[in-house]
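Comments concern the structure below.
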Amino acid sequence: RDPEDEEEEVEVGWQEKLFSQFEVDLYLNESACQTPLDWQYHKEIQKLEKAGGRKNCRIFTYTDHDRFTNLEELCQKVTDLDHEVPSYLVERMANVRRRRQDRRPVEGSSLKSKIITWEPSEEFIKNNHVINTPVQTMYIMGDLGPYGKLGHREYENVLCTIKVDGNGVITVKPDFSGTKGAYRIELDGEKREVWEYTIENASAQVQPEEEEREQRVFRDLYKRHRDYLSGLVGSDFEMPLPGTLRLVMNGEIVSAQGYEYDNLYVHFFLELPNQWSSSPFQQLSGVTQTCTTKTVGWDKVAYFCYPFTVEMFYTQEDEDSLPQWPVLYFEVLSLDFWQRYRVEGYGSLVLPACPGVHVLTIPTWRPVGLGTVAEMRRFFIGGSPELEDLTYIRIPSTFKGKRLSRFGFRTETTGSVTFRLCCLQQSKAFLENSALRQRMQSVLDRLGGFSQQSSVYNVLEAFQRARRRMQEARESLPQDLINTSASTV
């Protein structure tokens, strides 16, 4: 910057208009005034000239309705490329300014209007196809021309952009200087002039009484809004009887993967143990649509996204026994062009005991006949060995003994099915305190015991799997190495 150039400090208010030398020269000429805003500026500049001229020199502003603001928002770049080519969407949305429209309040008669506008006009598109909240914009500018040569548009530079949206959020770009130091603007030209400027917040501090009054108003507003929402929801919820647990499950059969044939569908049903019941109109079984598979990685995956909803009730009768949880049984089948169906796999899962969202992938298996004739029959004419009772997947419902033998039952591992279960539990026991809940041996304690029992079972099962892997690893080692290590020990 030239040493003879003076420093300038200006305090600017929101949407305060400070004229530049270019605007003074422009609007003093009546022939350049066309719009009502131009004539308003013409009168204001005449008053300034009579009062001794403008007080600002290099710093001036463009308010929300100036031509510069329109052009600046119209010509904003989407990327940081020097030679940017606007896309079709950018060109269509470039002339849409985010301005608050004067709209009439919605009345009851407006519901009779057309829902779909088949031939929207350009004005309709501008007013309705903008998702962003309306904003007001203001630019603080600097005339950085050579000393004594003010009023040239090519030397105008944006020092600060201030935007206020409809939600009351104020955006200042660049931010207030604070301790970061001054901002620098380097001009292109022979002298390579460098200008420095700072931005400070000159707003008056809010008094403690006003801030407390504002917080009180916000608290009252939030309370009224909360009461309004509570009035919409209501409080007359249907509560289950004491000692009863209500279980609502929104389930989804997401996908099936790893099966031999295509065009898969899943048949499933829910078995309710003792002390469990459901509404007589409740559907406890279902069949998904037939879905073709797509190759994902190494597997063929069929995406069903089949939703189902089940509502069940558990009634506490015996305080000494742990509750049994409902079981979901399912079978995966395939259907080909000739309407031949094949059983691809059987599986089951115990409904989660904890509320929340659970994503479970259940492996399946299918019975295998002896010899190659059964597989040839399955390939050529369809059909395969299948279970008459699907509860045989776990423990048959008709079994009354102590030990269940499956000796000689040949099976083969097939693919897997993925479920997404959203479980919701409701009980009056949730409202009781912990001491009363422990004394009454409520449903929650039964669920805790069930979860503890299942965790112990999982630990024992993991131990058995580790033991089998150690035995298989020992059998795969050479015998001389095993004998040598045993003699060394």
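The values are calculated or read from the model by the stated rules, or taken from the named source; none is laboratory data. Just so you know, these numbers come straight off a predicted model, no measurement behind them. As a convention, Cβ positions derive from the backbone with ideal geometry for all residues, glycine included, and neighbour counts pool all protein chains shown. Heads up: the accessible areas ignore ligands, DNA and RNA and are worked out on the full protein's heavy atoms, side chains in. Shrake-Rupley method; radii C 1.70, N 1.55, O 1.52, S 1.80 Å.
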Given a Förster distance of 56 angstrom, what is the FRET efficiency for Gln205 paired with Leu360, based on the Cβ-Cβ distance and rounded to 0.05? 0.45
With a 1.4 angstrom probe the carbon and sulfur portion of accessible area for segment 175-276, in percent, totals 50 percent
Sort 156-164, 388-396, 47-55 for me by packing, meaning the mean count of neighbouring Cβ atoms within 10 Å per residue, highest on top. 156-164, 388-396, 47-55
Figure the gain on full extension for Leu89 and Glu186 (residue separation times 0.36 nm, minus the Cα-Cα span) and round it to one decimal in nm. 31.5 nm
Can you compute the FRET efficiency between Glu475 and Phe379 using 1/(1 + (r/R0)^6), with r the Cβ-Cβ distance and R0 = 25 Å? Round to the nearest 0.05. 0.10
Contour excess over end-to-end distance, with Cα ends at Glu119 and Leu322 and 0.36 nm allotted per residue: 66.5 nm
Quick one: Karplus J couplings for segment 334-351, per residue in order, coefficients 6.51, -1.76, 1.60, θ = phi - 60°, nearest Hz, x for Gly and Pro? 10, 9, 9, 5, 8, 6, 8, 10, 9, 7, 9, x, 10, x, 8, 8, 8, 4
Sorted by chain and then number, the residues having a modelled amide H within less than 5 Å of the amide H of Glu193, at least 5 places away or on another chain, are Leu187
In the structure shown, of Lys50/Lys163; Lys402/Lys428; Lys17/Lys173; Lys47/Lys149; Lys17/Lys50, the pairs separated by more than 27 angstrom at the C-alpha atoms are Lys50/Lys163; Lys402/Lys428
Under the Karplus curve 6.51 cos²θ - 1.76 cosθ + 1.60, θ = phi - 60°, whole-Hz ³J(HN,Hα) for segment 58-63, x wherever Gly or Pro sits: 9, 8, 8, 9, 10, 8
How large is the accessible surface per residue of segment 169-286, computed with a 1.4 Å probe and reported in Å² as a whole number? 73 Å²
Please give the contour-minus-distance gain from Val158 to Arg394: 0.36 nm per residue of separation, less the Cα-Cα distance, rounded to one decimal in nm. 77.5 nm
Would you mind putting 359-365, 57-63, 220-226 in packing order, based on average other-beta-carbon counts within 10 Å, highest first? 57-63, 359-365, 220-226
Per the 1/(1 + (r/R0)^6) rule, R0 = 22 Å and r from the Cβ atoms of Ser277 and Leu404, FRET efficiency to 0.05 is 0.25
